[in-house]
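Reading through the structure tokens given below for one structure.
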Amino acid sequence: MADDIKKDVAAEVREFLSTRRARITPRQAGLPFHGGNRRVAGLRREEVALLAGMSVDYYVRLERGNLGGASDSVLEALAHALRLDEAERTHLYDLARAATPSGRRPTATSSRIRPTIMRLLDSMPEVPAYVRNARFDVLAANTLGRALYAPVFDSPLFAQRGPVNTARFMFLDPASRDFWSDWDKGADDAVAFLRTETGRSPHDRLLTDLVGELTTRSDDFARRWARHDVKFHRSGVKRLHHPLVGELALPYEAMELPSDPGLRLNFYTPEPDSPERQALGLLASWTGAGTAVPAVDD
């Protein structure tokens, strides 16, 4: 199993570096460009090596997946040459650690929601909120969170198997295209978030199984997965079409729970007196105020 993970990490390094290289033109990189036909999209390997201040042979070795043992200065030079953003730079460092035999071992992901977190969810009755793990399993939600995500919780996908999983819903349930108003953006983001997690937790077999399942069963997922894009899940605006209250544009925050490795608290905070605030108030009045409950069995 360790050999399989090592091969997977090496393949991820190859694809990540080559796709980042392919998106940058010589002109964008400030290199001389004399026109004519180029056999590769973006930068050549020797051009990346030049920009990173390393030998071509050494860069070729790195791009072939041999990232283990690379120093921070080498990684920083690569990040600069390939113009990596914060999420991509972090992903590069994660891959380097995963490729190093003595690198970071997996941290067990929490699966049980502590009572203090349940009380926190209870304390925000006017705000839709839920807790999920890195695999997009929804582990707990308050009443308004369940009401907002009713199409997900009610999906036939989860009638026989759990837990509720927003990534499975997005790519395997056709109803997701009605629920997410901007489905393409949501799909791009979901895949980028999962790709980020695979770099962070390459030993998470359940995460690997989820990616394998979605790649096999969804062409939309497989096409996006091949791009090797990564992204942090921190804040933004979620555009939903709720079957009861219609179109919603909800600002959201995603906060990691330091005492619960791998868990994130997601909540939505519309502007006061906004149509979204009024719509959530209406939804709350229909569903009633209640206590937060686990979304999966212990």
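Just so you know, all these numbers are worked out from the coordinates, no wet-lab data involved. Keep in mind that what you see is a predicted model, and the values were worked out from it rather than measured. No Cβ is skipped: glycine too gets one built from the backbone with ideal geometry, and neighbour counts run over all protein chains shown.
Quick look at the numbers
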| read-out | value |
| --- | --- |
| Reachable lysines from residue 238, criterion Cα separation under 29 angstrom, eight or more residues apart if same chain | 185 |
| Relative contact order (%) - segment 2-99, alpha-carbon pairs under 8 angstrom, separation at least six | 36 percent |
| Residue-count net charge about residue 143 - beta-carbon cut-off 13 Å; Lys, Arg +1, Asp, Glu -1 | -1 |
| Under 27 Å from the Cα of residue 6 - lysines, other chains or at least 8 residues apart | 231 |
| Gyration tensor over alpha-carbon atoms, segment 166-298, equivalent ellipsoid semi-axes in Å | 28, 19, 15 |
| Options (i) 21.6, 68; (ii) 22.0, 64; (iii) 19.4, 55 - which one matches Rg and Dmax of the Cα atoms in Å as calculated here | (i) |
| Residue-count net charge about residue 246 - beta-carbon cut-off 12 Å; Lys, Arg +1, Asp, Glu -1 | -2 |
